[in-house]
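J.: For reference, the structure I am asking about is given below.
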Amino acid sequence: ARKATGVLAPLVPKVSVIIPAWNEEVGILRTVKSVLNNGYDNFQVIVVNDGSTDASDALMKGFLARMSHKYPERAKKLVYIYQENGGKGKALNTGIKQADGEIILTMDADSELEKNALAKLVRYYADPLIMAVVGHVRVGNTKTLVGLAQHLEYYFGFYNKRGHAIMGAEYIFGGACASFRRSVFEEIGLFDEKNKTEDIEMSMRLRYHGFRCTYAEDVICHTEGASDFRGLIEQRVRWKKGRFDTFIKYRTMFLSTEEPHNFFLSFFVLPFSLLAEIQLIFEPIAITILVTYSIITQEFLSLAVGIL
């Protein structure tokens, strides 16, 4: 819309930021503050505590009480809900039902938005055809080997998102920083509470119905990756299981020529992703064979090239 002067009016839709939390006493307040102090005025924060057994409930209630006393107007933008444990998908759906913003942004409770991320995010929705936008996630804990490995993984993964976005084929909107128009949930329903990776399922559902989505490189969110190898393995097993379940559910998108489905996504991105998942299953066997071959033959060039 333009003002009477003919100058383009700023785009300031209301953004509802939903933060599902389960036993996140360490980072929950830091996450909430990163939204409250982000520099964008037309927003609300909805924290859904999904039956936590740690001190996060007391921390949130204490923080809300202090906010109400010192900054009453600011406190009105913060909604806190405690519910019985039902999983992340259910917590997200609870938040969506309470939200009144035009844009819904989901965040993990161990993440932080960079300054002005919300203002940058809403610019992408100036295009009325854009229905969902995924932000750029960076791993914050890089002082350990596990953290550094995840940092590099995220770096290359989000680099690939640039190409996918250009071709209109991005299909993974991670829960750490994913946004949607509210109308999306009204048209295709809320998050799947049974899927272990509700964010990937929702992303695929968007693409299945032909919604236009994109990647916002300048909307930056810092997250805490898995802190040790055991946590990393448990996280990735859950991700792989959820992704396979999602691929099976939307299997008709593979090599699909139907009009709502993106050609590059159906014929290149999805098949390649499935191939990569299958390769990962057999990779330990292949590595074992390669190492054994190198030891027996005393020919280590192949092993060195493989490592490189």
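The values are calculated or read from the model by the stated rules, or taken from the named source; none is laboratory data. Just so you know, these numbers come straight off a predicted model, no measurement behind them. Heads up, the Cβs are rebuilt from the backbone with ideal geometry, glycines too, and the neighbour counts pull from every protein chain shown. For the accessible areas, the whole protein counts, side chains as well, though only heavy atoms, and no ligand, DNA or RNA atoms are used. Shrake-Rupley method; radii C 1.70, N 1.55, O 1.52, S 1.80 Å.
J.: Please count how many residues of the stretch 125-159 are in contact with a strand residue (DSSP E or B) (Cβ under 8 Å, 6 or more places away or on another chain) and of a type in the set (Gly, Ala, Ser).
T.: Number satisfying all stated conditions: 4.
J.: Using beta carbons and a limit of 6 Å, which pairs, at least six apart or on different chains, have the first residue in the stretch 196-214 and farther than 13 Å from Arg251 by Cα and of a type in the set (D, E, K, R) and the second one open to solvent by 30 Å² or more (accessible area, probe 1.4 Å) and at pLDDT 90 or above?
T.: Correct list of pairs: Glu198/Asp192; Arg212/Leu129.
J.: Further question on the same structure: Name every residue in the stretch 125-176 that is surrounded by 13 or more Cβ atoms within 10 Å (Cβ to Cβ), under 24 Å from Ser34 (Cα atoms) and more than 17 Å from the chain's Cα centre (by Cα), in order of residue number.
T.: Of everything in the stretch 125-176, those that are surrounded by 13 or more Cβ atoms within 10 Å (Cβ to Cβ), under 24 Å from Ser34 (Cα atoms) and more than 17 Å from the chain's Cα centre (by Cα) turn out to be Tyr125, Asn141, Thr142, Gly147, Leu148.
J.: Still on this structure, I have one more. So which helices (runs of 4 or more DSSP H) are wholly in the stretch 192-308 and hold at least 3 residues that are open to solvent by less than 60 Å² (accessible area, probe 1.4 Å) and modelled with pLDDT under 90? Break it down stepwise before answering.
T.: Details: elements: 198-208, 229-249, 270-297, 301-307.
Ranges flagged: 229-249, 270-297, 301-307.
J.: Conditions first: (1) within 25 Å of Phe191 (Cβ to Cβ); (2) without any contact (Cβ under 8 Å) to a residue 40 or more places away in the chain; (3) not β-branched (Val, Ile, Thr). Lys88 passes all but one, so which condition is the exception?
T.: (2)
J.: Search the stretch 162-177 for residues that are part of a helix (DSSP H, G or I) and pair each with any residue that is among the charged types (D, E, K, R) when their beta-carbon atoms are under 7 Å apart and the residues are at least 6 apart or on different chains.
T.: These pairs meet every condition: Arg162/Glu217; His164/Glu170.
J.: Exactly one of (1) among the hydrophobic types (A, V, I, L, M, F, W, C); (2) touching a residue at least 60 places away in the same chain (Cβ under 8 Å); (3) more than 15 Å from Val12 (Cβ to Cβ) is unmet by Ile103. Its number?
T.: (3)
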